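So the structure is just underneath, and the comments pick up after that.
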Amino acid sequence: MRRWTIGTYKRLPRVKQKAHDEFVDWTLHTLIWIKKRWKSALEIVGLAVLVFVVVVGATHYWDWRSNTAAEAYYKTSLLKEDSDLRVKALEGVADDYLGTLAGKRALMDLGNIYLKKENYDLAAKKFQLLAGKSRNHPMLFVAAMYKLAETQAASGDAAAAVETYLKVAADPNNLISMNSRFKAAKTLEGVGEYEKAAGIYRQIIDEATEKDFFAKDKSEERLLWLMVRGHVQQQHS
């Protein structure tokens, strides 16, 4: 009887590819890809270089422009305050460098000068332009809108001022919304609209959070004053 010997299969251990070999393989594959698609490779490299040059160039240009604007704005501060010569210089900075911080500061200065001179139309235009150009800078946007409302109130248009304060209060980027509403109520109070003012004060008191403590305290103070004076009646819960 013939016996068969059954052999045992032994799996050889898998040899882990060395990092050097992996790099060589990657290099070879890359060279082959470039050889087959050298035109596409040149286009990709050229595009990458172009993008790099544009980004670097734009950054340097913006830095130069910002510095030039800052220097021009500084020169306006050396001129006599509220003088026609300074106004003209500020107008130049605002026109030439509106996108820069210096250009926006020039707009704010111009608005304040025109407001001081009671040129309300020009002041309002400057503050409106500043607010429109400051959407990416919430605090500057709020400041411009406050100055616009102040200008409207000074010109006798309290209704427009209240509308402006409430508009900025509703802006999602406004971090001091309650303060804006308080200013609207204070404006209403100033023109004898006591019930409307009291309504906003009560809203602030009811809705204020911890960070709104200043607006809440001032609203409680004004509401109490209105009740003591008999302008509004105390509400009973």
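In table form, for the structure just shown:
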quantity	calculated
Unmet criterion (only one of (1) part of a helix (DSSP H, G or I); (2) touching a helix residue (DSSP H, G or I) at 6+ places or on another chain (Cβ under 6 Å)) for residue 167	(2)
Search result, residues across segment 96-115 that are at pLDDT 95 or above and among the polar types (S, T, N, Q)	112
Lone unmet requirement of (1) out of contact with any Phe, Trp or Tyr (no Cβ under 6 Å at 6 or more places or on another chain); (2) crowded, with 20+ Cβ neighbours inside 10 Å for residue 95	(2)
Checking residue 156 against (1) in contact with a Leu (Cβ under 9 Å, 6 or more places away or on another chain); (2) on the phi > 0 side of the Ramachandran plot, the condition it does not meet	(1)
Residues (outside any helix (DSSP H, G or I) and either surrounded by 20 or more Cβ atoms within 10 Å (Cβ to Cβ) or among the hydroxyl-bearing types (Ser, Thr, Tyr) (or both)) located in segment 184-198	none
Flag for residue 201 being of a type in the set (Phe, Trp, Tyr), surrounded by 15 or more Cβ atoms within 10 Å (Cβ to Cβ) and more than 23 Å from the chain's Cα centre (by Cα)	yes
Subset of segment 222-237 that is out of contact with any Phe, Trp or Tyr (no Cβ under 9 Å at 6 or more places or on another chain) and part of a helix (DSSP H, G or I) - its residue that is farthest from residue 169 (Cα to Cα)	228
Among residues of segment 112-136, those that are assigned to a loop (DSSP other than H, G, I, E, B), of a type outside the set (Lys, Arg) and touching a residue at least 12 places away in the same chain (Cβ under 8 Å), counted	2
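The values are calculated or read from the model by the stated rules, or taken from the named source; none is laboratory data. Bear in mind the structure is a predicted one, so any value in this text is a computation, not a measurement. Ideal geometry is used to build each Cβ from the backbone, glycine not excepted, and the neighbour counts take in all protein chains shown.
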